[in-house]
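**Student:** One structure is given below, represented as structure tokens, and several questions about it will come after.
The values are calculated or read from the model by the stated rules, or taken from the named source; none is laboratory data. Owing to the predicted nature of the structure, the values given are computational and were not obtained by experimental measurement. Heads up, the Cβs are rebuilt from the backbone with ideal geometry, glycines too, and the neighbour counts pull from every protein chain shown.
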Amino acid sequence: MFATEDQKIIALFFARDERAVAETAEKYGALCMRIAEQILGSRADAEEVVNDAYFRLWKAIPPTNPVHFQAFVLTLTRRAALDRADQLSRKKRSGDRYAAALSELEQVIASPDDVQRQTEQQAVSEAIGRFLDDLPEQQRSMLLKRYWYLMTAREIAREMQLPETRVRVTLMRLRNRLREYLEKEELL
């Protein structure tokens, strides 16, 4: 059912029919807003970012024909939100949630700024994907909530109905396991 609906929306994009954006917003708008708000901490900035993500989507399809439309939309939204967070932090405004989450991983993952490391970054991304695939659902969910949705440990604990201390300890252990995994894969 989802694939068929998504394929219809993608066809609207290819036909350059503006209903494509409206239908995308109807189907995925709430999730896009949640991601943008988690990253930015501001409803107004999140609304601006989601609109920017829709514009990016309009420019990307065509020529891109995404296999997983939802993941494509959410990735564009996340990138737009992270771009906005960078812009806001340069203006000395709130980008703290983004910075805090990334600082926890700074010793695990190399900086993406080095052009020569793009191939290595792809290998790291694939290795992280394999690492996540091997985790139990609860642990995978915790990592994604923290480092994809940029939720705080307190928010994760509340959503998953777990003690905050357990979430913090689990995340610390998972970061250590990820480091060991990447070292074993010779990616660190």
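**Student:** Within region 39-93, can you find the residues that are at negative phi and not in a helix (DSSP H, G or I)?
**Tutor:** Listed by number, the residues that qualify are 42, 61, 62, 63, 64, 65, 66, 67, 68, 91, 93.
**Student:** Quick check on my filter: what residues within region 142-154 are without any contact (Cβ under 8 Å) to a residue 40 or more places away in the chain and either out of contact with any helix residue (DSSP H, G or I) (no Cβ under 7 Å at 6 or more places or on another chain) or more than 17 Å from residue 178 (Cβ to Cβ) (or both)?
**Tutor:** 144, 154
**Student:** Would region 118-126 turn up any residue that is assigned to a helix (DSSP H, G or I), touching a Pro at 6+ places or on another chain (Cβ under 9 Å) and modelled with pLDDT under 90?
**Tutor:** The answer is yes; a qualifying residue exists.
**Student:** Search region 143-186 for residues being among the hydrophobic types (A, V, I, L, M, F, W, C) and in contact with an Asp or Glu (Cβ under 7 Å, 6 or more places away or on another chain), and hand back the single one that is surrounded by the most Cβ atoms within 10 Å (Cβ to Cβ).
**Tutor:** Looking at the filtered set, the residue picked out is 153.
**Student:** What residue, among those in region 1-38 that are small (Gly, Ala, Ser) and assigned to a helix (DSSP H, G or I), is surrounded by the most Cβ atoms within 10 Å (Cβ to Cβ)?
**Tutor:** Result: 36.
**Student:** With 64, 77 as the choices, which residue is at pLDDT 90 or above and of a type in the set (S, T, N, Q)?
**Tutor:** Exactly one residue qualifies, and that residue is 77.
**Student:** While we're here: Checking residue 60 against (1) surrounded by fewer than 18 Cβ atoms within 10 Å (Cβ to Cβ); (2) under 19 Å from residue 149 (Cβ atoms), which test does it fail?
**Tutor:** (2)
**Student:** Further question: Quick one: residue 73 ticks every box in (1) over 20 Å from residue 149 (Cβ atoms); (2) β-branched (Val, Ile, Thr); (3) under 20 Å from the mean Cα position of the chain (by Cα) bar one, so which box is it?
**Tutor:** Failed condition: (1).
**Student:** Against the definition (assigned to a helix (DSSP H, G or I), at pLDDT below 90 and under 18 Å from the mean Cα position of the chain (by Cα)), how does residue 100 come out, yes or no?
**Tutor:** When the stated conditions are applied, residue 100 passes them.
**Student:** If you check residue 84 against the conditions, is it surrounded by fewer than 16 Cβ atoms within 10 Å (Cβ to Cβ), of a type in the set (D, E, K, R) and more than 20 Å from residue 159 (Cβ to Cβ)?
**Tutor:** Here the answer is no, as residue 84 does not meet what is asked.
**Student:** Of 178, 174, 132, 143, which residue is of a type outside the set (Ser, Thr, Tyr), under 27 Å from residue 85 (Cα atoms) and in contact with a Phe, Trp or Tyr (Cβ under 7 Å, 6 or more places away or on another chain)?
**Tutor:** 178
**Student:** I would also like to ask the following. Has region 161-183 got any residue that is over 27 Å from residue 55 (Cα atoms), at pLDDT below 80 and not in a loop (DSSP other than H, G, I, E, B)?
**Tutor:** No, that holds for no residue.
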